[in-house]
Amino acid sequence: MAKRVAVIGAGSSGLTSIKCCLDEGLEPVCFESSDDIGGLWKFKEQPEADRCSIYRSVIVNTSKEMMCYSDFPMPDHFPNFVNNSTIMQYFRLYAEHFSLLKHIHFQTTVRSVRQRPDFSNSGQWEVVTVDRDGREETHVFDGVLVCAGHFTQPIKPLSDFPGIDTLPGTIIHSWEYKNPDPYLGKRVVVVGIGNSGGDIAVELSRACEKTFLSTRKGAWVIGRVVDRGLPLDMIMMTRARDLFYWLLPRALLNLIWERSLNQRHDHKLYGLQPVHRILDQRVVINDDLPGRILLGELVMKPNVQRFQGSTVVFDDGTVEEKIDAVILCTGYDYRFPFLPTSLSSGSDGDLKLYRRIFPPSLERPTLAILGLIQTKGPIMPAAELQARWATRVIAGLNHLPPTENMDKTIEKDVRANLKSYPCPKLAALQVDHIPYLDAIAKEVGVCPNIAWLLLRDPAVGFRVFFGPCSPYQFRLNGPGHWSGARQAILTQWDRVAKPMKTRPIPEPSSFSLFFWLGLSGGAACQHFHHSPYFEIKQLLEKSESARAGIL
């Protein structure tokens, strides 16, 4: 009989986990507490406790070619950056194509996950669920995949803002924010400059009398596109660039990147200048934030010092009066109350996980937590690779190293991130995108062999190394090989161009040839233009020009 695996959650991680179970001959049973798939991306007018929640206008920060599942490209007519309703369409197409829906039990909540008495031998789990009618049921599973998301517990640090209880207006977390309508014509303070804080502040600035964006540390801000309007992640997330950056001194990389962004808009002039260097923390991706500041509709402010009724005093001594609302974009915590408390390490509820997936304390590796990471790239391809590895481990096809080795790896990973993220719980979540993907892919046996590809299939090898590190690379060979992976890589730039080809434009043949060499030919010219070599050359040339001017 096939091993039965409980999949908790039918969002982006849950859907691919169901498919990976089927690929490895396992029997998945998915429990989803809502009435639909999609998890985080399912928009609802009212937030629900212990569930992810998004605002209506949310648009992803990663392009469709970089965030899709590795064996199911997004339709070529989809825009390069999709909104929540479009990504829900994609999830439905994926679920229908691989017949996943029949394995999902909707409106069924998992109450507890506990080891069976003979766990050391069987590795089995006892899972208690409650269905829509309140009926409780106990199940036995050979494995458990936790795909419940980690943007479920909003952090509201009200104690950090003296006098906030005297504010006569509304105070909400971004988890509760849905649209700007309630704030029309009002004066609003947005606290926090992460991606959500930037998005919400920009949206409010078009409806409010005045919008203030308060930040303690500032942020480096970059748009979704680079030169010629190409997606940022497809140009920047390449193996060649990653390798070269690894060879260069970090201080020089920081200087190059910061100078490049300041040429677009001077962060100091715009009140955005952060206290950290650009490579130390994640950048804020926002196309409109600098423009709204330039128009005066959005005003940057330092940290809030205190509230005095409807008056807000900031750390620099400036005062803003008649504030009607405060929106806290202060991040999230995660919690899995259904899991055994023995899996948590410390009073903060941190989960000690090998490769951010497996609890090393378990005698049998039959439980995995997926998607519990923070990366500078798209999470979906990482979660898919996690699921491919976890299902193979549960099926007995792959094995984990000894507990002592896993503990050392966990400590090393956390230590490497503590400088940028002083909180150990937050530091543990951070992963470097391409190295993390490759590390998991090697465990599965699907990491692309660049040298072999360049020799045997140069057209693909060139694109894999110099082009975008798109998910299809991890379907070229090994377990789960997909025959369409090669073609998906060769045509990825065609799918970038397709949704924008809505008006015929005559072009000289020479320009057309250059354009398609840049896109369909692996974007070699574009890569050189954006390569570290080119950036260093520009920096040195500008330094020489400046020196000559002074002399």
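The values are calculated or read from the model by the stated rules, or taken from the named source; none is laboratory data. This structure is a prediction, so every number in the text was calculated from the model and none was measured. FYI the Cβ positions are ideal-geometry reconstructions off the backbone, even for glycines, and counts take in every protein chain you see. For the accessible areas, the whole protein counts, side chains as well, though only heavy atoms, and no ligand, DNA or RNA atoms are used. Shrake-Rupley method; radii C 1.70, N 1.55, O 1.52, S 1.80 Å.
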Original post:
Which one is modelled with the lowest pLDDT, of the residues in the range 414-468 that are open to solvent by 60 Å² or more (accessible area, probe 1.4 Å) and within 17 Å of the chain's Cα centre (by Cα)?
Top reply: 426
Original post:
Does the range 473-488 contain any residue that is on the phi > 0 side of the Ramachandran plot and not assigned by the TED database to the domain that holds residue 25?
Top reply: yes
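To keep it simple, each residue is scored yes or no on (1) in contact (Cβ under 8 Å) with a residue 40 or more places away in the chain; (2) open to solvent by 50 Å² or more (accessible area, probe 1.4 Å); (3) in contact with a helix residue (DSSP H, G or I) (Cβ under 7 Å, 6 or more places away or on another chain).
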| position | (1), (2), (3) |
| --- | --- |
| 320 | yes, no, no |
| 325 | yes, no, yes |
| 329 | yes, no, yes |
| 341 | no, yes, no |
| 355 | yes, yes, yes |
| 360 | yes, no, yes |
| 364 | yes, yes, yes |
| 369 | yes, no, no |
Original post:
Where residues in the range 296-317 are in contact (Cβ under 8 Å) with a residue 24 or more places away in the chain and not in a strand (DSSP E or B), which of them is farthest from residue 61 (Cα to Cα)?
Top reply: 309
Subject >> Search result, residues across the range 174-225 that are under 21 Å from residue 274 (Cβ atoms), among the β-branched types (Val, Ile, Thr) and within 25 Å of the chain's Cα centre (by Cα) >> reply: 190, 191, 193, 200, 202, 215, 221, 222
Original post:
Restricting attention to the range 271-300, which residues are of a type in the set (D, E, K, R) and over 19 Å from residue 432 (Cβ atoms)?
Top reply: 287, 288, 292, 297
**OP:** Being over 30 Å from residue 269 (Cα atoms), open to solvent by less than 10 Å² (accessible area, probe 1.4 Å) and assigned by the TED database to the domain that holds residue 273 narrows it down to one of 238, 170, so name that one.
**Re:** 238
Original post:
If we scan the range 18-37, do we find a residue that is free of Cβ contacts under 8 Å to residues at least 12 places away in the same chain, out of contact with any helix residue (DSSP H, G or I) (no Cβ under 7 Å at 6 or more places or on another chain) and either over 30 Å from residue 135 (Cα atoms) or open to solvent by 10 Å² or more (accessible area, probe 1.4 Å) (or both)?
Top reply: no
Original post:
Of the residues 91, 98, which is touching a helix residue (DSSP H, G or I) at 6+ places or on another chain (Cβ under 8 Å), buried (at least 21 other Cβ atoms within 10 Å of the Cβ) and at pLDDT 95 or above?
Top reply: 91
Original post:
Taking the range 219-232 on its own, how many of its residues are under 19 Å from residue 262 (Cα atoms) and either touching an Asp or Glu at 6+ places or on another chain (Cβ under 9 Å) or open to solvent by less than 20 Å² (accessible area, probe 1.4 Å) (or both)?
Top reply: 8
**OP:** Run residue 145 past the list (1) more than 29 Å from residue 108 (Cα to Cα); (2) in contact with a Ser or Thr (Cβ under 7 Å, 6 or more places away or on another chain); (3) surrounded by 18 or more Cβ atoms within 10 Å (Cβ to Cβ) and report the number of the one that doesn't hold.
**Re:** (1)
**OP:** Just one of (1) touching a residue at least 60 places away in the same chain (Cβ under 8 Å); (2) closer than 21 Å to residue 359 by Cα trips up residue 434, so point out which.
**Re:** (2)
Original post:
What are the pairs, 6+ residues apart or on separate chains, where a residue within the range 451-474 that is closer than 18 Å to residue 74 by Cβ has its Cβ under 8 Å from a residue that is in a loop (DSSP other than H, G, I, E, B) and acidic (Asp, Glu)?
Top reply: 472/71
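Could you go through the range 148-158 and let me know if any residue there is touching a residue at least 12 places away in the same chain (Cβ under 8 Å), over 30 Å from residue 7 (Cβ atoms) and part of a strand (DSSP E or B).
No; the residues of the range 148-158 include none that is touching a residue at least 12 places away in the same chain (Cβ under 8 Å), over 30 Å from residue 7 (Cβ atoms) and part of a strand (DSSP E or B).
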Original post:
From the residues in the range 283-318 that are buried (at least 16 other Cβ atoms within 10 Å of the Cβ) and β-branched (Val, Ile, Thr), which one is farthest from residue 203 (Cα to Cα)?
Top reply: 313
Subject >> Complete set of residues in the range 241-282 that are outside any helix (DSSP H, G or I), at negative phi and open to solvent by less than 60 Å² (accessible area, probe 1.4 Å) >> reply: 248, 265, 267, 270, 272, 274, 276, 278, 279, 280, 281
**OP:** Tell me which residues, restricted to the range 101-127, are among the aliphatic types (A, V, I, L, M) and open to solvent by 10 Å² or more (accessible area, probe 1.4 Å).
**Re:** 101, 104, 110
